[in-house]
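The values are calculated or read from the model by the stated rules, or taken from the named source; none is laboratory data. Note that the structure is predicted; figures quoted are calculated from it, not measured. Positions of Cβ are backbone-derived with ideal geometry, glycine not excepted, and every protein chain shown enters the neighbour counts.
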Amino acid sequence: MSNPSDPSELIHRHRTVTPSWLATYYAQPIELTHGEGRHVWDSQGNRYLDFFGGILTTMTAHAQPDVAKAVAEQAGRILHNSTLYLSTPMVELAEQIAELSGIPDAKVFFTTSGTEANDAALLLATSFRRSNQVLAMRNSYHGRSFSTIGVTGNSAWSPTSLSALQTLYVHGGIRTRGPFAHLSDAGFIAACAADLEDLLGQVGGNVAALIAEPIQGVGGFTSGPDGLFATFKRVLDRHGILWISDEVQTGWGRTGDHFWGWQAHADAGPPDVLTFAKGIGNGLSMGGVVARAEVMDCLGANSISTFGGSPITTAGALANLRYLLDQDLQGNARRVGAELIGALREAGLPVVREVRGRGLMIGVELVGRDEQPSPAAATSVLEHARELGLLIGKGGLSGNVLRIAPPLSLTAGEAAEGAGLLIEALRRAQADSTDWASADAPTAGAPADGADGASTGQAPHDPSLERDPA
């Protein structure tokens, strides 16, 4: 009989029956068995402060009572019916999301994931515009389906160049790198807009849409200046091109300043299409598309969704959304996120090139002494953070950016605790690195002795960690 507390057998079984490209974190992957609030536990009884939320998905809290109650009550009535039948929780959730979206005359279509939501948005845009030409941002990520890979501008997450879409990539996703990095914010926006205009002037035929993340998630929580997409939208509107705002990671108040990421670019009005997923379900399989009615209704063939908008997922998501709004978790993300960002910036570690983001969507970019990306440092920090009891994520084109995205109910005390653990993990990773060993800057907080007096060293390198699960 297997020992449920020993993960080695489960690791072997996992690797035997799942694809080799299915990445897992850590040299010795862990199984999370339960959670409460902002904490989770693994199969060996270790407790962790969760600063990644199952990839920005546990939006309010683990085992949030209102969500658990709504799911349990709905499960006791009916689990499934498909969109062929009416559903009160689906309609109620759609009504609330349509109102919150800011899109006039909005209609909502539910899916089971962010990938499927973006896939549906691309279907709507290309059908509405009668064109397969799509604009996307460099360094972007929009999902793992065939169509969404075709608009992903991040080579680490684009396994094929084959696509039914003709995709053209524009500048603007990364403020601090690239040919326009030296410009002021206004100059950066003007240069990106001029690049977009020039690109459109050379494209034959109609372009269907620009799909863009207000803050790039898998790309390492990068973004252009506020107002960039407002300027883009004015260009797009002159050409009749739709704007799809991919809010899979930026939605529901995570950025603190705004409920949706697009609202940082609001002076040109809302997007034509908005996609969402992750946090709204708090772990339930939920995604969707919001669009102007004329765009949503443009399909000329029959369509349904077997699982999108199911009674159990919409009941749970509705309870989750109501809790988020009642508790002003957007405001909490703004306040606590600012404290967390401030603490990380004040640490002043040489291995950290930049701490960026807003609200509780924070990226920490790591480099070597030559200022080049250091994925090895990110892998080391990930391991040390886990040893210290903190779960974080990783991303960026080079895999050198730590992604910090805890549940939006994170307390100030938990933020301070997590910041302290992360700073210690960064110090340990910096001390481990031969690249930083001779650095002039002090490496205070080098590996501390454990309770048994043994030094905690860097975990063995695992190549799978160079690929960050989205």
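Would segment 277-292 turn up any residue that is surrounded by fewer than 20 Cβ atoms within 10 Å (Cβ to Cβ), assigned to a loop (DSSP other than H, G, I, E, B) and either under 17 Å from the mean Cα position of the chain (by Cα) or not assigned by TED's automatic domain parsing to the domain that holds E95 (or both)? Yes: one or more hits.
Which members of segment 203-240 meet the condition of being closer than 19 Å to A291 by Cα and either in contact with a strand residue (DSSP E or B) (Cβ under 6 Å, 6 or more places away or on another chain) or not assigned by TED's automatic domain parsing to the domain that holds D267 (or both)? If the condition is that a residue be closer than 19 Å to A291 by Cα and either in contact with a strand residue (DSSP E or B) (Cβ under 6 Å, 6 or more places away or on another chain) or not assigned by TED's automatic domain parsing to the domain that holds D267 (or both), then V207, A208, A209, L210, I211, A212, E213, K233, L236 are the ones that fit.
Yes or no, residue by residue, for (1) more than 23 Å from the chain's Cα centre (by Cα); (2) of a type in the set (A, V, I, L, M, F, W, C):
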| position | (1), (2) |
| --- | --- |
| Q216 | no, no |
| G224 | no, no |
| D237 | yes, no |
| L242 | no, yes |
| E247 | no, no |
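Residue-wise test of (1) surrounded by 24 or more Cβ atoms within 10 Å (Cβ to Cβ); (2) free of Cβ contacts under 8 Å to residues at least 60 places away in the same chain.
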residue: L349; (1), (2): no, no
residue: V367; (1), (2): no, yes
residue: A376; (1), (2): no, no
residue: H384; (1), (2): yes, no
residue: G389; (1), (2): no, no
residue: A419; (1), (2): no, no
residue: L422; (1), (2): yes, no
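Summed over segment 204-252, residues that are of a type in the set (V, I, T), part of a helix (DSSP H, G or I) and touching a Leu at 6+ places or on another chain (Cβ under 8 Å) total 1. Is segment 339-348 home to any residue that is of a type in the set (A, V, I, L, M, F, W, C) and under 15 Å from G53 (Cβ atoms)? So far as segment 339-348 goes, yes, one or more of its residues are of a type in the set (A, V, I, L, M, F, W, C) and under 15 Å from G53 (Cβ atoms). Checked against the criteria, L366 counts as touching a helix residue (DSSP H, G or I) at 6+ places or on another chain (Cβ under 9 Å) and modelled with pLDDT of 95 or more.
Condition (residue is within 24 Å of W436 (Cβ to Cβ), touching a strand residue (DSSP E or B) at 6+ places or on another chain (Cβ under 7 Å) and assigned to a loop (DSSP other than H, G, I, E, B)) applied to segment 357-368: is it met by at least one residue? Checked segment 357-368: no residue is within 24 Å of W436 (Cβ to Cβ), touching a strand residue (DSSP E or B) at 6+ places or on another chain (Cβ under 7 Å) and assigned to a loop (DSSP other than H, G, I, E, B).
Can you pull out every residue in segment 129-175 that is hydrophobic (A, V, I, L, M, F, W, C), farther than 14 Å from S223 by Cα and touching a strand residue (DSSP E or B) at 6+ places or on another chain (Cβ under 7 Å)? Residues satisfying the conditions are V134, L135, V151, L165, L168. One residue stands out among those in segment 295-313 that are part of a loop (DSSP other than H, G, I, E, B) and hydrophobic (A, V, I, L, M, F, W, C): the one that is surrounded by the fewest Cβ atoms within 10 Å (Cβ to Cβ), which is A301. Checked against (1) outside any helix (DSSP H, G or I); (2) touching a helix residue (DSSP H, G or I) at 6+ places or on another chain (Cβ under 8 Å), Y85 passes all but condition (2). Would you confirm, using the coordinates I've provided, whether T16 is part of a strand (DSSP E or B) and on the phi < 0 side of the Ramachandran plot? Judged against the criteria, T16 is not a match.
In segment 424-434, the qualifying residues are those that are of a type in the set (A, V, I, L, M, F, W, C) and surrounded by fewer than 24 Cβ atoms within 10 Å (Cβ to Cβ), and the one that is nearest to A343 (Cα to Cα) is A425. The test for being over 26 Å from G253 (Cα atoms) and assigned to a strand (DSSP E or B) does not hold for L123. Does segment 351-362 include one or more residues that are over 22 Å from the mean Cα position of the chain (by Cα) and either more than 30 Å from A425 (Cβ to Cβ) or buried (at least 17 other Cβ atoms within 10 Å of the Cβ) (or both)? There is at least one residue in segment 351-362 that is over 22 Å from the mean Cα position of the chain (by Cα) and either more than 30 Å from A425 (Cβ to Cβ) or buried (at least 17 other Cβ atoms within 10 Å of the Cβ) (or both). Evaluation of L410 against the conditions (1) within 30 Å of T152 (Cα to Cα); (2) at pLDDT 95 or above shows that the sole unmet condition is (1). From the list I103, I78, I55, the lone residue that is outside any strand (DSSP E or B), closer than 16 Å to V295 by Cβ and either of a type in the set (V, I, T) or modelled with pLDDT under 95 (or both) is I103. Residues of segment 380-395 being of a type outside the set (A, V, I, L, M, F, W, C) and in contact with a helix residue (DSSP H, G or I) (Cβ under 6 Å, 6 or more places away or on another chain), which ones? Once the filter is applied, which keeps residues that are of a type outside the set (A, V, I, L, M, F, W, C) and in contact with a helix residue (DSSP H, G or I) (Cβ under 6 Å, 6 or more places away or on another chain), segment 380-395 yields S380, H384, K394.
I'm told R177 meets every condition in (1) in contact with a helix residue (DSSP H, G or I) (Cβ under 9 Å, 6 or more places away or on another chain); (2) of a type outside the set (S, T, N, Q); (3) without any contact (Cβ under 8 Å) to a residue 60 or more places away in the chain; (4) part of a loop (DSSP other than H, G, I, E, B) except one. Can you identify the failing condition by its number? Here R177 meets the rest and fails (1).
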